[in-house]
Amino acid sequence: MFVSQLKVFISYLKAYRKEMLIGMVALILTDVVGLAIPWVLKQFIDKLPNKPSNEELLVFAGLLGLAATFQGLFRFGWRKYIFGPSRKVEFDIVNDLFGHFLKLDSSFYQKKKIGDLLSRATNDIRSVRDFLGLGLLVLADCFVVIISCFSLMIYISPKLTLMAFLPLPLISILFYLYTKKISEGHRIVQEELANISDMVQENLSGIRTLHAYVQEEKEKEKFEKQNEVYLSKNMALTKLYAIFPTSLSFFLGLATLISLWIGGKEVISGNLTLGSFVAFNGYLLMLSWPMMGIGYVFNLSQKGASAMKRVQDIFSEQPEIKSKLGIAPENDFKGELEFQSVSYRYSEQGFHLKDINLKIKPGQWMGVTGPIGAGKSTLFKFPLRVIDPTEGQIYLDGISINELPLELLRKQIGYVEQGPFLFSATIRENIVFGVELSDEKTIEEIAFLAGLEPDILAFPKGLDTMVGEKGVSLSGGQKQRIALARALIRKPKILILDDAFSSLDIETEEKILKNIRRVAQDTTVIMIAHRVSTQRYSDQIVVMENGRISGFGSREQLEAQDGYFKEISDAQSFQKGLEAFLS
Amino acid sequence: MTELAGENLEERYYDWAVFSRIVQYLKPYQLLALLSVLLLLGSALCQLAGPYLAKIAIDDYIAAGNLEGIDKVAFIFLMVLICGFTFQFTQTLLMQYIGQNVMKDLRRETFAHIHKMSFSFFDKNPVGKMITRTVNDVEVLNEMLTSGLILIFSDLFTLVGIFGVLFYLNWKLTLVICLVFPFLAVATHFYRVRARDALRKNRSHVTRLNTFLQENLSGMNTIQLFNRQRRQYTDFESINSEKLSEDLRALHYNAVYVPSIDVFSALGIGLVIWYGGGEFVQGEIQLGVLVAFIQYLNKLFEPIRDLAEKFNIIQSAVASSERIFELLDTPEEILDPPQTSDQKIERGKIEFRNVWFAYKENDYVIKDVSFVVNEGESLAIIGATGSGKSTLINLLCKFYEPQKGEILIDEIPLSQLSKKNARSRISWVQQDPFIFSNDIVSNIRLGNDDIEQEMIESASRSLGTDRFIIKLPDKYQNSVKEKGSSLSMGEKQLLSLTRALVFNPRILILDEATSSVDTETESLIQNAIKKLVMGRTSIIVAHRLSTIRHANKIAVLKKGELVEFGLQEDLIKQKGVYYNLIYFYNQR
C-alpha cells in the first residue's frame, strides 16, 4: 500500500531527476569531506608530541579550512538541489490536484467539507513534500554517514566500536515502541482538537438560541470538560515526546562514556594513539545526528504516508456525471425541454421526486412553485446535469441530454439560484464570468437589463468595484441581480431562475421581468418562486408537493381551486396589503 | 490586498506589550515556570560537562597513565548523564504542562468572551474567523511557549555556558576564536533581513493561494455551469508559480546561510589548531584543553543556527496572540447592572415605556414605543419588513438595550435584571429554528438537565411532535445531523415549539415562519401554537391573518413607530389602519 502510493509521488520527482542527481552527489561529497575533518584532527594530535613547526600547524589549519569550505559548498549544493525539486514537486501536485478538483462534480462536493479538502491541498501536500524532500534526503544522509563512520571507527579500533555500540540496540527497541504509540497519540489529539472546533462552531451558529434559553453557563461547562479531555490527551502524547529525545541523548551519552572509559584505558595501555582516540570520539559525535535523523525520518514518513493516502483518495475520486465524449453537431437549439418519468430517490424506499412528466415548449414561461423541500430545485438541476435522476430521461429539443457533451449542454442553459456564488473580483469580472470577451456596451446593456444600473451608479468605482470581503458587501438582492446578468450575457436558450428574485422588492422585480420579456422572447424561462407575484408572466404554473406535481394550470385556474396555490396566494396578498399600508 | 495585511502585522511584531501580556498568562504557574527554567539550566550544564570530563581524562589521567582515575571520570560521567536525563525529561513535561494549561485558560477565556458578545458582533464576524481564534491561534501560541521560548532559553544558556567554560580553560585562545564572530554577525544579519522579507512574501502568497482555493471549491458548481474550468486553472497555476518562486528564494537564502555557519565553525577550529597548536608546542596549553576546545566549538554553533530559525516561530506566535487579544479586548456591549434585582418573574406582564432604540447613532429604528401586555394576554405585532418588529423582540430579550425609555417585566425595569434572570422565563421560538447536531432529547432540553425525558415525551405528545419522533429509528435518542438537515422544515419548527414548551415560560415569543410547509404539517404547527399560547403571555410577530385574528391585542408598527395599539375589537371599531388592512384583504 505504502509502496504503491510512494511510487505515484516518486514519479513526480522524475521530472527533476537531473537536479536530484546533482543534489545527491553533493550530499555524498558533503559527507565524505565531513568524515575527513576528524581524520585531519587525528593526524594533528598524533603529530603534536613531535613538536610540529608553525608551518606544519598552518598546513593542518589550512587543510581543515579547505575541507570546511568544500563541505559548505557541497552542503549548499544539496540544500538547493534536493529541497528545490521537492518544492517544485509540491507545485506540480497542487496544480494537478486543483485540476482534479475542477473535474469532480457535486456528488463529491456534497460528501466533503471544504475545510477538509483545503487541508488536504495544503497541509497534506506539505507533509508529502517534506517527506519527499527532507525525508528521503535525511534517509540517504543517515545511510552514508552511519556506514562510513562505522567503517572508519572499526578501522580505528574494532574493540572500542563494539563496546561503544552496545547501547545502540536499546535505541532501536525504544524507537520501535515509540513510533507505534506516537502516531496513535497524534490521531487522538487531532480528534479532540476537531471536537473543540466543532463545539465552537455549533455554539456560534446557534448562539441566538443558546442565549435566548440562557444556556451560556452550561455550554461553558461542556467546553471546559472538552478542554480538560484535550489537555489530558495532549499530556499523554507529551510524555512520549519527552521520553524519546531525552533517552536518545542519554544513550548517545552512554556511548561516549564507554568510548571515553574503554578508549582511555586503551590509550594508556598503548593500543590506541591519542589522535585516534580523539578522532573516534569525533565520529561518535557525528553519529548522533543520523541516530536522531532516523527518528525524524520515521516521523516524517508516518505523517507523509497518511498524507499521501489522503491526497490519493482525492485523485482516485471520479466524477459521477460523465460527459458524452466527442463533439456533437453545433446545433442551433430551440430550447424545448422535456422530462419523461423522472424520479430521484435517496434510499431504497425514499423518493425525493417521483415520476415527473413535464414538457416545456420553446419560448414558454413555465412557473414552478411549492413548499420548501418539495423537490423543485432538484428537478431543475437535472437539465444542467449537476446531478442525474435515478430514473427517467430528459430531452433538450428531443435529444437526450446524456447524448450531449456537458460543455455544449451547459452553454444552452442560464441558471440563477437564490443565494448565488459570486467571486471576489470586480462586478465586471463577475458579469463576464461565463463568456470569453465582452465589449463595454454589451456589459452595460446587460447590467441595465438585470436592474443593476442604480447600484452601479452608487458604487465607488462603478462596474470596477470589488465584490466580497475585499470590496463592498452586497445585499442579497444585488447578488441576485449580478448573477442574473452573469447568466443573461451568455444568451442562453433556456433560463432557469431558481427563486432568483426572492430578495428583490416588487417594483424591481417587475422591471426586470419586463426587461427579460422584451429582449429574450425566444428564451424558454423556468421561474421557480415562492412569491405568487413573481409568476405574473408565467404561461403555466406547476405546483409541486412532496416530490410530485400536485397542480398544473394558469394562475387564474390555480387560484380558483382549493389547494396549496390558493392558500399561499391568500396569505401573500395579506402580506402585500401589510407592505402597502404600512410602509 | 493580502500583502498589505501581511505588512501590517509585520510592523507590530516587536510589540513588547503583546509579549508581556503573553507572559502574564504564565503567572498562575510562576513557581512551576521557575522550576522549569532551573531544570533547563541544570540540563544545559550537564550537556556541557561531557567535553570537560574528556579534557580531565586526557590531561590528568590518560597522560599520567592513571587507570583508576579513568574509572572515576567514567563514573562521574554516568552520574551527569543520569542527572541530565532526569532534568531534561522533567523539564519537558513541566513546560508542556504549563503550556497546555495556559492554552486551556486562554481558550476558556476566549470562549466565555465570545458568549458575552452581542448579536451585532456575530453579524460582523464570520464563524470561521472565531474558530480560528479559539482553536488555531491558541495552538500557535502554545508552540511558542513550549518550544520557542524554551529553546531560546536553553540556547542562550548553552551559549553563555560554553563561553564561560572556554574562558575558564584558556582565555587567550577564546579571544582568538572570537575573531570569527564579526563575520558570523554580518552573515546572520544579511540572512535575517532577506529571509524575513522572503518569508513575509511567502506567507502572503500562501494566504492568496488558500483563499483562491477555498473560493473555487465553494463556487465549484458555478465554475462548472459556466464552463470556466480552464481559465480558473490558469489563474491558479499563476498564483501557485508566484508562490513557488518566493519559496525558492527563501530556500536559496537558507541554503547559503546554514552551510556558512559550518564554514565559520571550521574556521574557529582552524584557529584552535594553528594558534592552540603553537601554544601547545611551547608548553603553554594542555592537550586536553585543545581537544575540549574543538568539541565545544562544535556545540557552540548549534544554538546560533537554532536561534536564527526560532525567530520565525516567535513572530507568528506574536501575530496570533495579537489577534486573540484583539478579540478579548472587544468590550461587552450589554453589561449586567452592578446590583440586580433578585425578584423572579412570576406573572409575565410586559410594559414598554417610551422606548427609543438605534443600532447606529441617532438612526432610530424604534421611536417612542409604549404599550402594556397583561399576564396571559397575547399580542400580535404586525408591520412591513424593516418596521422594527424583530428589534422590539431583541429589546425584550435584553439582547440590546434601549437608548431612551424603559421596558418592564412584572413591573421590574429590565435594566435592573441580569440578562440571565430576564431571559429565564422567556421562551423565544425563532423564525428559522436552529437545530444542534445532537439527539432529539438534547435538542429539546438543551443543557438543562432538570428537564427529564418524561417531561419531554409528554410535551411532545401534547404538541403532536411525537408523530414524527416515534417514526425515527432511535426515537427520542435519534441524532439529527448538523444543522438538522435530515429534518424537514416543518419538523424543525415543531421541535423548536416543543423546546419552548418544556422550558415552561411565562412569556412566549413567537416569530412566525414565513416559509411555507405542506398543508398537513401547517395545521399541526397551528395546533401546537394554540396549546403553547394558552395560559401564557405571548408576543407573536405575525405574518398570517389567521394568527393575528387569534390574538387579544394588536400592535401596528410603521417605520419604528407604534401607529395603532389596542384590543382587536377596539381597533376594528376605530376604523384605522388595522381596520383598513382587514377590509382591503376581504375586498380583494
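The values are calculated or read from the model by the stated rules, or taken from the named source; none is laboratory data. Because the structure is predicted, anything quoted here is derived from the model rather than measured. Please note: Cβ atoms are built from the backbone with ideal geometry, for glycine as well, and neighbour counts cover all protein chains shown.
No other residue among B:K398, B:K360 is more than 30 Å from B:N478 (Cα to Cα) and in contact (Cβ under 8 Å) with a residue 60 or more places away in the chain apart from B:K398. For the range A:189-223, the set of residues classified as within 8 Å of chain B (Cβ to nearest Cβ) and of a type in the set (S, T, N, Q) consists of A:S197, A:Q201, A:N203, A:S205, A:T209, A:Q215, listed by residue number. Would you check if there is a residue in the range B:369-376 being of a type outside the set (A, V, I, L, M, F, W, C), more than 30 Å from B:P259 (Cβ to Cβ), without any contact (Cβ under 8 Å) to a residue 24 or more places away in the chain and surrounded by fewer than 17 Cβ atoms within 10 Å (Cβ to Cβ)? No, the range B:369-376 has no match at all. Right, B:V281: free of Cβ contacts under 8 Å to residues at least 40 places away in the same chain and facing chain A (nearest Cβ under 7 Å) or not? Yes, satisfied. Those strands (runs of 3 or more DSSP E) of the range B:287-388 in which at least 2 residues are hydroxyl-bearing (S, T, Y), touching a Phe, Trp or Tyr at 6+ places or on another chain (Cβ under 6 Å) and more than 12 Å from every other protein chain (Cβ to nearest Cβ), considering only elements entirely within it, cover B:364-373.
Scanning the range A:422-453 for residues that are of a type in the set (A, V, I, L, M) and farther than 21 Å from A:A500 by Cβ yields a total of 1. Taking the numbered list (1) without any contact (Cβ under 8 Å) to a residue 60 or more places away in the chain; (2) at the interface with another protein chain (Cβ under 8 Å from one of its Cβ atoms) in turn, A:S232 passes all entries but (2). Comparison of A:F74, A:F70 shows that the only residue that is more than 7 Å from chain B (Cβ to nearest Cβ), surrounded by 21 or more Cβ atoms within 10 Å (Cβ to Cβ) and either more than 29 Å from B:T234 (Cβ to Cβ) or in contact with a His (Cβ under 7 Å, 6 or more places away or on another chain) (or both) is A:F74. When A:K265 is tested against (1) of a type in the set (D, E, K, R); (2) more than 8 Å from every other protein chain (Cβ to nearest Cβ); (3) assigned to a helix (DSSP H, G or I), just one condition goes unmet, and that condition is (2).
Residue-wise test of (1) modelled with pLDDT of 80 or more; (2) closer than 27 Å to B:F434 by Cα; (3) within 46 Å of the chain's Cα centre (by Cα).
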{"position": "B:V517", "(1), (2), (3)": "no, yes, yes"}
{"position": "B:E520", "(1), (2), (3)": "no, yes, yes"}
{"position": "B:Q526", "(1), (2), (3)": "yes, yes, yes"}
{"position": "B:V533", "(1), (2), (3)": "yes, yes, yes"}
{"position": "B:I548", "(1), (2), (3)": "yes, yes, yes"}
{"position": "B:E561", "(1), (2), (3)": "yes, no, yes"}
{"position": "B:K573", "(1), (2), (3)": "yes, no, no"}
{"position": "B:N580", "(1), (2), (3)": "yes, no, no"}
{"position": "B:F584", "(1), (2), (3)": "no, no, no"}
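Being among the hydroxyl-bearing types (S, T, Y), crowded, with 19+ Cβ neighbours inside 10 Å and either over 17 Å from B:Q224 (Cβ atoms) or free of Cβ contacts under 8 Å to residues at least 40 places away in the same chain (or both) is a description that applies to A:S127.
Checked against (1) at pLDDT below 85; (2) over 21 Å from A:H211 (Cβ atoms); (3) acidic (D, E), B:E454 passes all but a single condition, namely (1). Quick check: anything in the range A:202-217 assigned to a helix (DSSP H, G or I), among the charged types (D, E, K, R), surrounded by fewer than 18 Cβ atoms within 10 Å (Cβ to Cβ) and touching a Leu at 6+ places or on another chain (Cβ under 9 Å)? No: the range A:202-217 contains no residue that is assigned to a helix (DSSP H, G or I), among the charged types (D, E, K, R), surrounded by fewer than 18 Cβ atoms within 10 Å (Cβ to Cβ) and touching a Leu at 6+ places or on another chain (Cβ under 9 Å). Looking only at residues of the range B:247-286 that are assigned to a helix (DSSP H, G or I) and polar (S, T, N, Q), we find that the one that is farthest from A:S86 (Cα to Cα) is B:S265. Restricting attention to the range B:197-226, which residues are in contact (Cβ under 8 Å) with a residue 24 or more places away in the chain and not hydrophobic (A, V, I, L, M, F, W, C)? Scanning the range B:197-226 gives B:R200, B:K201, B:N202, B:R203, B:S204, B:H205, B:T207, B:R208, B:T211. The sole residue among B:S378, B:S415, B:S458, B:S370 that is among the hydroxyl-bearing types (S, T, Y) and closer than 30 Å to B:S479 by Cβ is B:S458. If B:D336 passes every condition in (1) buried (at least 19 other Cβ atoms within 10 Å of the Cβ); (2) in contact with a Ser or Thr (Cβ under 7 Å, 6 or more places away or on another chain) but one, which one does it miss? The number of the failed condition is (1). Report whether or not A:V297 is in contact with a Gly (Cβ under 7 Å, 6 or more places away or on another chain) and in a helix (DSSP H, G or I). Spelling it out, A:V297 is indeed in contact with a Gly (Cβ under 7 Å, 6 or more places away or on another chain) and in a helix (DSSP H, G or I). When the range A:447-493 is filtered for residues that are of a type in the set (A, V, I, L, M) and in contact with a Pro (Cβ under 7 Å, 6 or more places away or on another chain), only A:A483 remains.
Take A:V311 and tell me if it is under 30 Å from A:E90 (Cβ atoms), surrounded by 19 or more Cβ atoms within 10 Å (Cβ to Cβ) and either of a type in the set (S, T, N, Q) or at pLDDT 85 or above (or both). Judged against the criteria, A:V311 is a match.
Here the condition is being farther than 26 Å from A:K14 by Cα, in contact (Cβ under 8 Å) with a residue 40 or more places away in the chain and of a type outside the set (S, T, N, Q); of A:D105, A:D116, it holds for A:D105 alone. Within this structure, A:L13 passes the test of being away from chain B (no Cβ under 12 Å), assigned to a helix (DSSP H, G or I), touching a residue at least 40 places away in the same chain (Cβ under 8 Å) and under 38 Å from the mean Cα position of the chain (by Cα). Scanning the range A:235-260 for residues that are in contact (Cβ under 8 Å) with a residue 40 or more places away in the chain and within 39 Å of the chain's Cα centre (by Cα) turns up A:A236, A:L237, A:L240, A:Y241, A:I243, A:F244, A:P245, A:S247, A:L248. Quick check: anything in the range B:399-413 of a type in the set (G, A, S), surrounded by fewer than 21 Cβ atoms within 10 Å (Cβ to Cβ) and closer than 26 Å to B:N448 by Cα? No, the range B:399-413 has no match at all. Restricting attention to strands (runs of 3 or more DSSP E) lying wholly within the range A:334-432, give those where 3 or more residues are within 13 Å of chain B (Cβ to nearest Cβ) and not aromatic (F, W, Y). So the answer is A:413-416.
Taken over the range A:528-553, the residue count meeting the criterion of being of a type in the set (D, E) and within 42 Å of the chain's Cα centre (by Cα) is 1. Scanning the range B:244-278 for residues that are touching a residue at least 24 places away in the same chain (Cβ under 8 Å), under 34 Å from the mean Cα position of the chain (by Cα) and facing chain A (nearest Cβ under 8 Å) gives B:D247, B:N254. Of the listed requirements (1) surrounded by fewer than 16 Cβ atoms within 10 Å (Cβ to Cβ); (2) more than 9 Å from chain B (Cβ to nearest Cβ), A:D46 misses just one: (1).
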